[in-house]
1. Mind listing whichever residues of segment A:148-165 are open to solvent by 10 Å² or more (accessible area, probe 1.4 Å) and either closer than 20 Å to A:I121 by Cα or more than 8 Å from chain B (Cβ to nearest Cβ) (or both)?
2. Where residues in segment A:396-434 are modelled with pLDDT of 85 or more and among the aromatic types (F, W, Y), which of them is most open to solvent (accessible area, probe 1.4 Å)?
3. For segment B:385-480, which helices (runs of 4 or more DSSP H) that fit wholly inside it have 1 or more residues that are free of Cβ contacts under 8 Å to residues at least 40 places away in the same chain and crowded, with 24+ Cβ neighbours inside 10 Å?
4. Check whether at least one residue in segment B:127-134 is modelled with pLDDT under 90 and not in a helix (DSSP H, G or I), and report yes or no.
5. Give just the number: which of (1) more than 9 Å from every other protein chain (Cβ to nearest Cβ); (2) open to solvent by 10 Å² or more (accessible area, probe 1.4 Å); (3) of a type in the set (S, T, N, Q) does B:S382 not satisfy?
6. Pick from segment B:60-113 the residues that are touching a residue at least 40 places away in the same chain (Cβ under 8 Å) and aromatic (F, W, Y): which of them is farthest from B:S39 (Cα to Cα)?
7. Name the residue, out of A:I47, A:I16, that is β-branched (V, I, T) and under 30 Å from B:T472 (Cβ atoms).
8. Is one or more of the residues making up segment B:186-193 part of a helix (DSSP H, G or I) and of a type outside the set (A, V, I, L, M)?
Amino acid sequence: MLSELPLLSLVIWFPILGGIAVLFVGDDNPGRAKWLALTVAILSFLISLPLYSAFDTTTAAMQFQEFMPWIPAFNANYHLGVDGFSMPLILLTAFMTVLVVIAGWEVIQYRVAQYMAAFLIMEGLMIGVFAALDALLFYVFFEAMLIPMFLIIGIWGGPRRVYATLKFFLYTFFGSVFMLIALIYMYNQANSFEILDFHKLPLSITEQTWIFFAFLLGFSVKVPMWPVHTWLPDAHVEAPTGGSVILAAITLKIGGYGFLRFTLPITPDASAMLDWLIITLSLVAVIYIGFVALVQQDMKKLIAYSSIAHMGFVTLGFFIVFGLYRHTGNLNGAAMGVEGGMVQMVSHGFISGALFLCVGVLYDRMHSRQINDYGGVVNTMPVFAAFMVLFGMANAGLPGTSGFVGEFMVILSSFKAGFWLAFLASFTLILGAAYTLWLVKRVIFGDIGNSHVAELEDVNCREIIMLSLLAAAVLLLGLWPDPLTSVMHATVDNLLQHITVTKL
Amino acid sequence: MNFVAPDFMPVLPELFVLTMACLILVVDVFLEQRQRHISYALAQLTLLGAALLMLLSFSRAPVVTMFGHYIKDAMGDLLKFCICLASAAVFLYSRDYLRQRDLFKGEYFVLGLFGVLGMMVMVSAHSLLSVYLGLELLSLSLYALVAVDRDSPVASEAAMKYFVLGSLASGMLLYGISMIYGATGSVDLQVVADAVAKQGAATNLVLVFGLVFLVVGLAFKLGAVPFHMWLPDIYQGAPTSVTLYIGSAPKLAAFALVMRILVDGLGSLQGDWQQMLIILSVLSMALGNLVAIAQSNIKRMLAYSTISHVGFLLLGILAGTPEGYSASMFYAIIYVLMAIGAFGVVILLSRAGFEAENIDDFKGLNDRNPWLAFVMMVVMMSMAGIPFMAGFYAKWVVLQAVVSIGLVWLALVGVLFSVIGAFYYLRVVKCIYFDKSEQSEAIEMSGDVQIVISANGLLLILLGVYPTALMTWCATALLN
């Protein structure tokens, strides 16, 4: 019965329509708008659950497919479907949106309905990005996402919000227009906008290289990879807590997802040829950005840089495959890299979201994000301190938390590709631990820093709910990652089979 | 010598507009100022009536009448239909603005209707002579309209500038027409097309010269760089209601003009005019988008934005394929929808004694009127080409047309400048949503205006979610 419902359409359009409904409730009625938004968010999450429970883990084919003609003149269709890559990310999106709505509950006082509506619409668009199997549809969702985020940062952000949000918008827009040209180019070859047709499209190495770079521009800005990462710290610092959470937890993942869905399968030969480039950029992100994170004075900025470093691991995991295949001649262990990258994406969604929420909790009380303004928070907020330490440990990659699983898998698979690669990659364990633990030490532990800290009140019921939901997710994924990895096995194997066959 | 009466049925809408315009001219003389709304109502009736006539007589196959000077085909019908509706919206948005400034006179509507008639003639012209006739009818109406507020020195200056430069361009066009006539021996576009196809450009220098002059004249009317100088000054100087008029429907007519002359008449010279249009297009996109960034006056900014949109519009035409033409037509229609929305909001923000001319006047619009703020955001995002707004598909189809003929670099130039262009559209959105208002007066709108501006904005979203209907319409219109 479930398979007959247009589940994916529901998960996309229900929050969008719900968001519009919230807009109509209006800012004059903040209470009602908030409750409606929460209901919509929770219902969307519940609607998305059958995607997991009814998911067939034995096949790499697209599931829950929906197909409707959209723009027949260009053979573009409203074609949705999910596989092992997109399904977990859709669930993550729906889950995080619920938390974001809760996080904004008391904090947002200005134009509450518009705030909630923006996040709900954003949710629908992001799920659309993950579910689209038509390249034009993907692009439409991909770009449309910019509008709500632009408004979220610009309206409810900090003092330099205008600069940050314009930078965010223009950076991302710049990256993605080249992708549009690449998509149009491929349409002219394939006479179809189906992503799966693009996968099969034979392309010469020159074409592949151009397309590879077009995609790289689009996705590397989103991930973000060094050196096009500079929008991220600005956007994170200025965004309201909810905006930071969505940015870190979901939109960064869209870049990683793009590599899996587009770059690797469409341009396998160019990817194999240029894998050194991505690997170098990823290692720079891991090591250099790790050092940059170490010296930050602003908590949000520190977590933003830590996000870039962690996302470096994701791209490393995805592109290690080629080196490994060249080195060993078979695909054993290659799957571990891709799966590690995926696990890292989901886990980073939870952890970075949680850390931004923690900073939000502190910021709501002290109106400062400077590390120096804190100290000894554990004395006044013991419950909060426990959460913060847990998420800090997870960010540092402590075994038993989700942060460990992904990093471990990626490092293990880089070992097979080459010792030095793994050696450099494992710097993250040291650096990650250094900047996170030092942050925790300076903020949480020690003597009470000043009179403001002495007056802090511990987390309330609402905050405990959202933090413990995330804590549960982090621990569950850390102790028992199989529910996540098992849904990807078939898809990963299929991808690896595909990309080792040359298109030339 | 016998005079054979031509078939008047295909030109029925034009005759209707002409009759009504003359009627209003007469009726208006006998009206007192407080009864002026009768002229307005008649003008609206004319436009809606003409639109309805067009809808009822949609052509399947082209019909040529008036001894070969006039053609009624599907492309013309669709464009004329849009022109009438766009002008009706223009009149509606202008009504209160004109009333507050003592400009609510019959002349505005009569001139406006004659302009519409000129556009209809341009759209349906089948000879170089009727092309020129329609163009001059439109231009003369526009010169007078710009000067309609005769006490305003800025408007008079703008009108003067427009008249001088416009006449120069008309002269160029006429000179080009005479050369084409000299080379082919006819002004009938079909005969011209056949003759040109037979001769080929390489052998006939006169033909190429004629083409160059024609392209210059057309570029001027479109406002393509480097023939764009008049556009920002006129947009800024004219009363906003007239800017709204100039910025909307005449763009459709200009598109038709290019189609009739370059494609219908000189289609075999495509290789020659393609080069020229590439240059015009790249320059327009570059200059329009770059200079718009520096503007603080919204009318001037929108003028430069128009220039950049013309650059995009030309991309589809220069592709020289039926897909490209229909892409350009789609672009033109969507552009008019956006321009009406943008200038419409500008006009609604103006009150008696206050012109909302600066981008700063949009500050805090979200606090003053969230719905109007939303409409303006939709228009701006659409102009920037962000999806789920119709403007994205307009850009996409023209890029598609260019890539399909192998000019990938041109598409890259296009998207690059559209990224640069996004900045100044975003700046307006920034003022609307992120800044605090300096004035707190509520914005008054009458019910019908509110409905139409909402429909305008929603249409942009609707076409953004499902553009197929209009796209198919454009495609079939050009296949006939």
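1. A:P148, A:L151, A:I155, A:W156, A:G157, A:G158, A:P159, A:R160, A:Y163
2. A:W420
3. In segment B:385-480, B:390-404, B:408-434 are the helices (runs of 4 or more DSSP H) which contain 1 or more residues that are free of Cβ contacts under 8 Å to residues at least 40 places away in the same chain and crowded, with 24+ Cβ neighbours inside 10 Å.
4. no
5. (2)
6. Across segment B:60-113, the extreme among qualifying residues is B:F67.
7. Working: A:I47 fails: under 30 Å from B:T472 (Cβ atoms).
Selected residue: A:I16, the only one of A:I47, A:I16 that is β-branched (V, I, T) and under 30 Å from B:T472 (Cβ atoms).
8. At the first step, the residues of segment B:186-193 found to be part of a helix (DSSP H, G or I) are B:189-193.
Subset that is of a type outside the set (A, V, I, L, M): B:190.
Checking segment B:186-193: at least one residue is part of a helix (DSSP H, G or I) and of a type outside the set (A, V, I, L, M).
The values are calculated or read from the model by the stated rules, or taken from the named source; none is laboratory data. If you're wondering where the values come from, they're calculated on a predicted model, not measured in any experiment. Don't worry about glycine lacking a Cβ; one is built from the backbone with ideal geometry, like all the others, and counts go over all protein chains shown. Ligands, DNA and RNA are excluded from the accessible area calculation, which covers all protein heavy atoms including side chains. Shrake-Rupley method; radii C 1.70, N 1.55, O 1.52, S 1.80 Å.
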